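Accompanying notes for the structure given below.
Laboratory data are not the source of any read-out in this text; all were calculated from the coordinates shown. What you see is a predicted model; the values in this text were computed from it and never measured. Cβ coordinates were reconstructed from backbone atoms using ideal geometry, including for glycine residues, and neighbour counts include every protein chain displayed.
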Amino acid sequence: MNAGRRPLWLRLHVIVVFAFLYLPIAILVVYSFNGSGVGGFPPHDFTLNWYRALLDDGALWDSVFNSLQVAAAAVVIAVGLGLPAALALDRVNFPGKAIFRRLVLLPLILPGIITGLSLLMLVVALHMRLSLFTIVLGHGTALISVATTEIFAGLQKAQRSQEEASLDLGANYWQTFWRITLPNLKLAIIGAGLLIFTLSMDEIAVSFFLIGRENTLPLEIWSRLRRGMTPEINAISTIIFVFSLGLILLWYRLRKPGSEEWETAARAVEGKA
Amino acid sequence: MFSRAYKAAVAIPPIFWVAAFLLTPYLLLFCNSFWSVQGGQVVIHNWGLQNYKNLLHVPVYAEVLLRSMKIAGGVTLLALLLGYPLAYYVAFYAKHKQLLYQLVIIPLWVSYLVRAYAWKTILGTDGVLNTLLQYLHITHGPAEFLLYSPFAVVLTLTHIYTPFAFLPIYAALEHVPRNLIEASQDLGASRVTTFWRVVFPLSIPGVIAGATFAFVLSLGDFLAPLLLGGPSGVMISNIVVTLFGAAYDWPLGAAISVCMMLLVIAILFLTERLEKKWSFT
């Protein structure tokens with residue numbers, strides 16, 4: 001099996017699958033420049049009006065700003081708890097460890113609405129008001145799973161012996177943590193942070209139940225979609241796409257090119273699940 | 001090598017947080033499923049199995065759950081049919097592995113909501129596909145069956161979850177020892193025989209993992225059916241959303257959620273065992 005003889009049907013299949021994956025994205029981008037609205041073939045009247053309309057859209061920018069705040073706070077919570085959780089899973093034996101591991105990972109695979117409405121029940125039981133704060137709580141908690149898996153994988157790659165040496169040579173735990181453990185995990189932590197940020201920016205199922213009066217960007221888009229389709233949504237989506245692409249490129253740049261690169265990405269996508 | 005204080009410092013905060021903000025909410029959901037609503041407004045705490053009995057006796061819930069499983073099953077099958085040969089090509093034939101691999105991943109970074117919306121603009125009555133067909137004089141009026149049908153939901157979810165099926169299959173294929181393939185061919189097996197007797201069996205754990213992702217994730221989806229499904233494409237999560245919103249019956253919604261949760265956990269348990277059974281390492 002070498003790259004020399006590639007069966008024709010297999011090549012055709014690959015082309016078809018990539019067309020299937022990219023066609024909707026291409027159409028989305030093309031119609032964001034279409035003067036006569038969404039749909040209608042062929043597209044005509046090239047225009048930048050929809051992007052211009054975006055600039056004056058106060059409500060939309062408010063939601064973008066809300067989402068950025070929520071995502072930043074979610075990163076702090078998820079990494080702040082995912083890091084100790086990964087360390088605990090790696091080096092501490094405590095009763096219920098297996099259950100803890102499964103519980104942390106559950107929001108990855110459980111339908112988002114179940115996690116969202118379970119948290120809604122807690123919010124109601126505690127007589128809290130729904131606000132951006134409750135969304136931060138939801139995103140932060142659900143995404144601890146992503147931080148834990150990423151950082152745990154980073155720990156498996158780092159060498160424990162360096163920490164042992166540091167402790168043997170008289171550094172205390174605190175110094176060892178700051179000078180050895182954390183620098184070794186730098187890439188895993190940055191990767192987890194970027195991933196959590198983009199996941200939070202796009203999250204809708206958990207937010208759906210925890211939303212107060214202020215919308216996040218996906219929920220703002222969602223409420224507009226129900227009123228009807230406008231190319232303004234294509235325009236903002238195109239901008240988000242380019243922005244996410246920038247983030248993913250940044251993420252890949254941070255990693256050294258190597259054989260395990262795809263494994264990291266695979267974990268990331270499993271995280272997205 | 002780590003002191004008690006160190007262990008306590010790393011273990012206690014996450015355990016506390018997970019207990020408070022994950023375990024407690026899930027337990028509240030569980031409790032809620034045994035309560036009931038009085039006068040259409042107030043949830044009262046009279047414990048009983050009424051919600052679960054309700055689920056068994058009103059046929060619409062079983063119907064919608066069955067439809068959700070059919071849709072998820074269709075998505076899984078299509079995602080595997082699209083994803084497996086793609087993974088095979090990238091693993092064994094591609095010249096630019098990294099590039100192709102990343103091309104499969106990039107669509108995942110486009111907002112899920114936005115991609116579902118893109119399919120709506122393609123399939124709609126005045127959508128890209130219908131106007132294209134009329135432009136080319138293939139059809140004369142819009143084909144209405146494209147949007148608002150289980151078909152539209154399956155198509156959209158397949159688009160979204162094919163990369164999820166691809167990834168574990170690719171990982172499995174990439175780990176197939178190349179010398180086994182050479183040995184098989186040296187001993188006279190044809191390409192096809194080598195595939196079915198050597199490569200495919202070794203990739204089964206990846207197939208199972210990919211199928212699990214596609215099935216579980218599309219089973220609980222609620223946006224695609226809401227955007228593209230119409231009345232005939234309603235899925236189980238949509239019912240839960242309605243019960244927690246306009247219909248205001250939290251306990252019944254909680255009971256359905258508990259059933260979904262148990263179903264998902266059962267599937268995970270089952271596929272984990274299957275994966276172990278088929279892994280040769």
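Figures for the structure shown
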quantity: Label-point separation, B:Ser279 to B:Ala189 (7 Å along Cα→Cβ), nm; calculated: 2.2 nm
quantity: Exposure proxy order (Cβ contacts within 10 Å, fewest to most) of B:Ser184, A:Ser207; calculated: B:Ser184, A:Ser207
quantity: Long-range HN-HN contacts of B:Thr139 with modeled amide H, under 5 Å; calculated: B:Gln134
quantity: Highest-fluctuation residue, B:Leu77, B:Leu49, B:Leu167 considered, GNM on chain B with Cα pairs under 10 Å; calculated: B:Leu49
quantity: Computed label-point distance, nm, for sites A:Arg227 and B:Ala266 using a 7 Å Cα→Cβ extension; calculated: 4.4 nm
quantity: Under 12 Å, Cβ to Cβ, from A:Arg226 - net charge with Lys/Arg +1 and Asp/Glu -1; calculated: +2
quantity: Other-chain or far-sequence residues with amide H under 5 Å of B:Ser36's (modelled H); calculated: B:Ile44, B:Asn46
quantity: Helix A:231-254 vs. chain A, principal-axis angle (Cα, 0 to 90°, nearest 10); calculated: 30 degrees
quantity: The stretch B:89-95 - phi-based ³J(HN,Hα) in whole Hz, Karplus 6.51/-1.76/1.60, Gly and Pro as x; calculated: 4, 5, 6, 10, 10, 5, 7
quantity: Cα gyration tensor category, rounded, prolate or oblate, for the protein assembly as shown with a/c compared to 1.5; calculated: rounded
quantity: Three-way shape call for the stretch A:68-219 based on the alpha-carbon gyration tensor, with the a/c threshold at 1.5; calculated: prolate
quantity: Coarse-grained scattering of the stretch A:147-193 at q = 0.20 Å⁻¹, given as base-10 log I(q)/I(0) from a Debye sum over alpha-carbon atoms; calculated: -0.62
quantity: Net +/- balance of residues flanking B:Lys95 in space, Cβ distance below 14 Å, scoring K and R +1, D and E -1; calculated: +4
quantity: Packing-based exposure ordering (other Cβ within 10 Å, fewest first) of B:Phe30, A:Phe177, A:Phe209, B:Phe280; calculated: B:Phe280, B:Phe30, A:Phe177, A:Phe209
quantity: Rounded to 10°, Cα long-axis angle of helix A:58-91 versus longest principal axis of chain A; calculated: 30 degrees
quantity: Phi-based couplings in Hz for the stretch B:215-227 (Karplus 6.51, -1.76, 1.60; Gly and Pro marked x); calculated: 5, 5, 5, 7, 4, x, 5, 10, 6, 4, x, 5, 7
quantity: Ranking of B:Val75, A:Val123 by count of other Cβ atoms within 10 Å, fewest first; calculated: A:Val123, B:Val75
quantity: FRET efficiency, 1/(1 + (r/R0)^6) with R0 60 Å, evaluated for A:Arg5 and B:Phe16 via beta carbons; calculated: 0.55
quantity: Cα gyration tensor shape of chain A, rounded if a/c is under 1.5, else prolate or oblate by comparing a/b with b/c; calculated: oblate
quantity: Value of relative contact order over chain A, rounded to a whole percent, pairs C-alpha under 8 Å and six or more apart; calculated: 30 percent
quantity: In order through the stretch B:178-194: 3J(HN,Hα) via Karplus (6.51 cos²θ - 1.76 cosθ + 1.60), integer Hz, x for Gly, Pro; calculated: 5, 5, 5, 5, 4, 4, 4, 6, 4, 7, x, 6, 6, 4, 5, 4, 4
quantity: Rg(Cα) / (2.2 N^0.38 Å) computed for the stretch B:144-239, rounded to two decimals; calculated: 1.51
quantity: Most mobile of B:Leu113, B:Leu187, B:Leu78 in a GNM of chain B (Cα contacts under 10 Å); calculated: B:Leu187
quantity: Amide H within-cut-off set for A:Ser131, under 5 Å, with H built and near neighbours excluded; calculated: A:Gly212
quantity: In nm, spacing of pseudo-spin labels at B:Ala5 and A:Tyr252 (7 Å Cα→C-beta vector); calculated: 4.6 nm
